[in-house]
1. Can you find a residue in region 126-146 that is surrounded by 10 or more Cβ atoms within 10 Å (Cβ to Cβ), modelled with pLDDT of 90 or more and either basic (Lys, Arg) or out of contact with any Asp or Glu (no Cβ under 8 Å at 6 or more places or on another chain) (or both)?
2. Taking the conditions exactly as written (among the hydrophobic types (A, V, I, L, M, F, W, C), at pLDDT 95 or above and part of a loop (DSSP other than H, G, I, E, B)), does residue 70 satisfy them or not?
3. Only one of (1) in contact (Cβ under 8 Å) with a residue 24 or more places away in the chain; (2) assigned to a loop (DSSP other than H, G, I, E, B); (3) small (Gly, Ala, Ser) fails for residue 75. Which number is that?
4. If I go through region 21-32 residue by residue, how many of them are assigned to a loop (DSSP other than H, G, I, E, B), in contact with a helix residue (DSSP H, G or I) (Cβ under 7 Å, 6 or more places away or on another chain) and either on the phi > 0 side of the Ramachandran plot or among the polar types (S, T, N, Q) (or both)?
5. Which pairs have Cβ atoms under 9 Å, sit 6 or more apart or on different chains, and link a residue in region 101-121 that is under 10 Å from residue 82 (Cα atoms) to one that is surrounded by 14 or more Cβ atoms within 10 Å (Cβ to Cβ) and aromatic (Phe, Trp, Tyr)?
6. When you scan region 3-17, how many residues do you find that are more than 9 Å from the chain's Cα centre (by Cα), buried (at least 16 other Cβ atoms within 10 Å of the Cβ) and either of a type in the set (S, T, N, Q) or more than 26 Å from residue 96 (Cβ to Cβ) (or both)?
7. Got a number for residues in region 40-60 being free of Cβ contacts under 8 Å to residues at least 12 places away in the same chain and in a loop (DSSP other than H, G, I, E, B)?
8. Do we have any residue at all in region 77-91 that's hydrophobic (A, V, I, L, M, F, W, C), in contact with a Phe, Trp or Tyr (Cβ under 7 Å, 6 or more places away or on another chain) and within 27 Å of residue 14 (Cβ to Cβ)?
Amino acid sequence: MREQTDVRLRILSQTLTPQDIEARIGLKPSESWRIGDRLGAFGAAARDHGFVIESGALASAPFREYVAALIRKIAPAAQKIGALGDQCVIEVVCTLHRKAAPLLTFERDDIRWIGVMGAKLRVDTFVISDGPRGGDRASFGGPGGAGGEETPKL
């Protein structure tokens, strides 16, 4: 797996549809869904209406630029987003997949904008590896695999 970064605003609601949210805040979603829509690889039914705005930063951009790009997109509607707080869960979600634990810094103004929206800040970091190369297999346990048992010869 390669290193990746994703920073997004996510609004979830039991009562407001994505169309309602768009009408109230004046921004178009990058992604949206309704209660009951099938989501993800396993097709689980959505329990909430969802409205997502992606940062839109270039894949090669540093983490700081992802946050800044999202703030630039949503800042004009920050108070309107904050007004949804009684009917919605509002989150800024930062997801990072890195080969080493990342150092993350949020600027004071970033935190202020998140506060104006009444949003939670969620940071998910995943340390990834390149995995085995050249046809090597990962070994689990002793010489024969799991639990140290020998592999039967055929």
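The values are calculated or read from the model by the stated rules, or taken from the named source; none is laboratory data. Every value quoted in this text rests on a predicted model; they were computed, and no experiment measured them. No Cβ is skipped: glycine too gets one built from the backbone with ideal geometry, and neighbour counts run over all protein chains shown.
1. yes
2. Criteria not met by residue 70.
3. Here residue 75 meets the rest and fails (2).
4. Start the filter on region 21-32 by keeping residues that are assigned to a loop (DSSP other than H, G, I, E, B), which leaves 26-30.
From what's left, in contact with a helix residue (DSSP H, G or I) (Cβ under 7 Å, 6 or more places away or on another chain): 26-29.
Applying the additional criterion that residues be either on the phi > 0 side of the Ramachandran plot or among the polar types (S, T, N, Q) (or both) yields 26.
The number of residues fulfilling the criteria is 1.
5. Filtered contacts from region 101-121: 114/106; 119/113.
6. Of the residues in region 3-17, the ones more than 9 Å from the chain's Cα centre (by Cα) are 3-4, 11-17.
Imposing the further condition that a residue be buried (at least 16 other Cβ atoms within 10 Å of the Cβ) reduces the set to 11-13, 16-17.
Pick out the ones that are also either of a type in the set (S, T, N, Q) or more than 26 Å from residue 96 (Cβ to Cβ) (or both) and you get 13, 16-17.
Residues flagged as more than 9 Å from the chain's Cα centre (by Cα), buried (at least 16 other Cβ atoms within 10 Å of the Cβ) and either of a type in the set (S, T, N, Q) or more than 26 Å from residue 96 (Cβ to Cβ) (or both) within region 3-17 amount to 3.
7. So the count comes out to 6.
8. So far as region 77-91 goes, yes, one or more of its residues are hydrophobic (A, V, I, L, M, F, W, C), in contact with a Phe, Trp or Tyr (Cβ under 7 Å, 6 or more places away or on another chain) and within 27 Å of residue 14 (Cβ to Cβ).
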